[in-house]
Amino acid sequence: MKQLIVLVAVLPLLLVFMMQATLDQKNSAQIGLFQQEVAVAREQARQAGCFSAAIQRNLKTRLGERLGILPEEIVITATEEVQYRLNYFTAGQQRGLIHYRISIPIKRLMAGTRLLGIPADANQGVYTIEGCTASERLPDAEGQS
C-alpha cells in the first residue's frame with residue numbers, strides 16, 4: 001500500500017520530465033524551421049542588396065504559416081537601404097554589409113507549469129537570430145557605391 005502512495009506522489013513528477021522532453025523536441029523543430037527560413041531570406045537579401053519590404057513581408061508570411069504564429073509577432077530589424085558589393089578597400093565604409101535581427105516568440109518553454117506553479121506569462125520567451133552578410137549586388141553603371 002505504501003508503494004502505491006509513493007507511486008501516486010512521484011508519477012506526476014516523472015510525467016513532467018517526459019512532457020518536457022517532448023516540448024523541447026517541438027521547440028527545437030520550430031527553431032530549426034525558423035533558422036532555415038531566415039537563411040533563405042538572408043540569401044535573397046544578399047542578391048537584392050538589402051532586406052526589402054517584399055523580402056520581409058514574404059519572410060513573415062512563411063514563418064507565420066510554418067510556425068503557426070501571427071506575422072505581427074515577428075520582429076524584423078534589418079538594413080533596408082541597398083548596399084553594394086565593393087571590390088576595393090576604402091577606409092570608413094562598411095564594405096556593403098547587410099545587418100539583420102529577426103525575433104519570434106516561443107509560447108511554451110516549460111511543461112507542467114500548473115503543477116510547478118509557473119505563471120503563463122513567465123512561460124514564454126523570444127528566440128532571436130542576429131547577424132550580417134555581405135551584399136552581392138553590384139553598383140550600377142553610373143558608378144554608385
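We did not get these values from a lab; they are worked out from the coordinates using the rules stated. Predicted, not measured: the structure shown is a model, and the values here were computed from it. In this analysis, Cβ positions are derived from the backbone assuming ideal geometry, glycine residues included, and neighbour counts consider all displayed protein chains.
For the chain, give the magnitude of the charge dipole about the Cα centre (Cβ charges: +1 Lys/Arg, -1 Asp/Glu; no others), in debye to the nearest 20.
Working: 15 positive and 13 negative charges, 116 e Å.
So the dipole magnitude of the chain works out to roughly 560 debye.
Using a Förster distance of 41 angstrom, determine the FRET efficiency expected from the C-beta separation of Ala9 and Leu33, and round it to 0.05.
About 0.60, to the nearest 0.05.
For helix 2-48, what angle does its Cα long axis make with the longest principal axis of the chain, in degrees from 0 to 90 and rounded to 10?
Long axis of 2-48 versus the principal axis of the chain: about 10 degrees.
Looking at the square roots a ≥ b ≥ c of the eigenvalues of the Cα gyration tensor of region 2-134, which shape do they give, rounded for a/c under 1.5, prolate if a/b is larger than b/c, or oblate?
Prolate is the answer for region 2-134, as a/c is 1.5 or above and a/b outweighs b/c.
To make sure I understand the rule: partners must be lysines, Cα under 18 Å from the Cα of Lys26, and not fewer than 8 residues away in the same chain. Which ones qualify?
Reachable lysines: Lys107.
Rounded to the nearest 500 deg cm²/dmol, what is the calculated helix-only ellipticity per residue at 222 nm for the chain, with -39500 (n - 2.57) per DSSP H run of length n ≥ 4?
-16000 deg cm²/dmol
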